[in-house]
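Everything on this sheet refers to the single structure shown next.
None of the figures in this text is laboratory data; all of them are computed from the coordinates on show. Model, not experiment: these values are computed from the prediction. With ideal geometry, Cβ positions are generated from the backbone for all residues, glycine too; neighbour counts draw on all protein chains shown.
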Amino acid sequence: MNGVAAIIGLALLEYAVFTGLVGRARGTYNVPAPATSGDATFDRYFRVQQNSMEALIIFIPALLLFSIFVSNSIAIALGLIFLIGRIIYAAGYISAAEKRAPGALITFGVNVILISGSIIGPLLHHSHT
Amino acid sequence: MNGVAAIIGLALLEYAVFTGLVGRARGTYNVPAPATSGDATFDRYFRVQQNSMEALIIFIPALLLFSIFVSNSIAIALGLIFLIGRIIYAAGYISAAEKRAPGALITFGVNVILISGSIIGPLLHHSHT
Amino acid sequence: MNGVAAIIGLALLEYAVFTGLVGRARGTYNVPAPATSGDATFDRYFRVQQNSMEALIIFIPALLLFSIFVSNSIAIALGLIFLIGRIIYAAGYISAAEKRAPGALITFGVNVILISGSIIGPLLHHSHT
């Protein structure tokens, strides 16, 4: 559980950094709240944060369920791939919208595997805790 | 725990499908990233996904707490209603914005019950695990 | 666990209320779905809800991990600060966009502390359960 817990903590840290970058981009690109659009570069920063939230709502519960019902060590390995994939995604997307694809595929792929384990694992009653 | 876990996995699968539909709709209705609006049909696909995330942030923790502190079997029944309600919501909303109401009411109703149990259950110290 | 569970339930209730206020604001300020913008006051209601979701995706898992790996009683204290901070945030933001800062700082500060504990706690193997 400790490894999976630390990975969730690190995923939340990544996301908090992306949130901080959006706050800074509001000033740099002059997009005052409550607007969430208005400058092409700001929009990419905002979508990095939003898409990361859309990924985390899957990643966190599915990682926990996968580690409980399928395999803790594979969960940790997939978690590390997710953490790196999100950095690739953010760096790519911020430079250009077309460059978001590789990181998006990595993290969506990890999430699909985790979801599969979260459904199949409990149904087969393979609890590893 | 296994039944609740599988329902969470299925809810994440539903949400991942809605996310995939948004990706496809970007191409079909010509709304390139980072835009999240620009075509009325695309907007409805996008809101199905976004609203489902807004519902899942409540559903997942509240379902777990309800199953721990109130009743596991009622949690499973409410979870199944949520899963069906989200499909009704998505099918209705994608066809027309006015048709989103029935599914929205079902899933919001389930979430209100789950939240109530998540607050009252722990305060009454009724842990069923 | 019961105290932390009840705080999560209350945080979800707050968020459900913010969601209900957005629904009501759609009618009051004439912003029919699927639009999520179009009136300055509606936009602030909408951002209160969205920003609260962005905060909850961190708060819920990090609060649980902090309570397990660092301290349950400090987790409860931080959780209460978060609950109050979100009310300050919502009341401020709805009155004027500039007035969102104090509540935003309180809740972001709590989340940064919780994230730190979620990473450091598991790595130091300090499990308190």
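Compute the Cα gyration tensor for chain B, then decide on rounded, prolate or oblate, letting a ≥ b ≥ c be the square roots of its eigenvalues: rounded whenever a/c is under 1.5, prolate when a/b is larger than b/c in the other cases, and oblate in all that remain.
Verdict is prolate for chain B.
Limiting things to C-alpha atoms, what are the Rg and the maximum Cα-Cα separation (Dmax) for the protein assembly as shown, in angstroms?
According to the Cα coordinates of the protein assembly as shown, Rg and Dmax are 19.6, 53 Å.
Counting pairs of alpha carbon atoms under 8 Å apart in space and at least six apart in sequence, what relative contact order in percent does chain C give?
28
State the residue of chain C whose Cβ is nearest the axis carrying C onto A, and the distance in whole angstrom.
C:Ile57, 4
If you take the beta carbon distance between A:Ala96 and B:Ser71 as r and set R0 to 45 Å, what does 1/(1 + (r/R0)^6) give as a FRET efficiency, to the nearest 0.05?
0.30
Given the -39500 (n - 2.57) contribution per DSSP H run of 4+ residues, what per-residue ellipticity at 222 nm results for the protein assembly as shown, rounded to the nearest 500 deg cm²/dmol?
-28500 deg cm²/dmol
Say we join alpha carbon atoms closer than 10 Å with springs in a Gaussian network model of chain C; which of C:Ala55, C:Ala11, C:Ala96 then has the biggest fluctuation?
C:Ala96
Please find, in a Gaussian network model of chain B (springs between Cα atoms separated by less than 10 Å), the residue of B:Ala104, B:Ala62, B:Ala33 whose mean-square fluctuation is greatest.
Ranking B:Ala104, B:Ala62, B:Ala33 by mean-square fluctuation puts B:Ala33 first.
If you add up the charges near B:Ala62, with Lys and Arg at +1 and Asp and Glu at -1, over every other residue whose beta carbon is less than 14 angstrom from its beta carbon, what do you get?
Around B:Ala62, the charge tally is -2.
Hey, fewest Cβ within 10 Å first, where do C:Ser67, A:Ser73, B:Ser52 land in order?
Final ranking by Cβ density, sparse to dense: A:Ser73, B:Ser52, C:Ser67.
Kindly write out, for the stretch C:67-80 in residue order, the coupling ³J(HN,Hα) from the Karplus curve 6.51 cos²θ - 1.76 cosθ + 1.60 (θ = phi - 60°), rounded to whole Hz, with x marking Gly and Pro.
With coefficients 6.51, -1.76 and 1.60, one gets 5, 7, 9, 10, 7, 5, 6, 5, 4, 5, 4, 5, x, 5 Hz.
Could you pull the Rg and Dmax for the stretch B:1-45, using just the Cα atoms, both in Å?
Calculated on Cα positions, Rg and Dmax stand at 14.2, 43 Å.
Suppose you put the label 7 Å out from Cα in the Cβ direction; list, shortest first and in nm with one decimal, how far B:Ala91 is from each other copy's label.
Label-point separations across copies, in nm and ascending: 4.5, 4.5.
Which of A:Val70, C:Val112 has the fewest other C-beta atoms within 10 Å, and how do the rest follow up to the most?
Numbers: A:Val70 22, C:Val112 16.
Result, fewest neighbours first: C:Val112, A:Val70.
Name the residue from A:Thr19, B:Tyr93, B:Thr19 whose Cα lies farthest towards the positive end of the charge dipole of the protein assembly as shown, charges +1 on Cβ of Lys and Arg and -1 on Cβ of Asp and Glu.
Working it through, the farthest residue towards the positive pole turns out to be B:Tyr93.
Relative to the Cα centre, what is the charge dipole magnitude of the stretch B:1-88, using +1 at the beta carbon of each Lys and Arg, -1 at the beta carbon of each Asp and Glu, and rounding to the nearest 20 debye?
Result for the stretch B:1-88 is approximately 100 debye, rounded to the nearest 20.
Please report how far the C-alpha centroid of the stretch C:1-44 lies from that of the stretch B:74-129, rounded to the nearest whole angstrom.
For the stretch C:1-44 versus the stretch B:74-129, the Cα centre distance is 16 Å.
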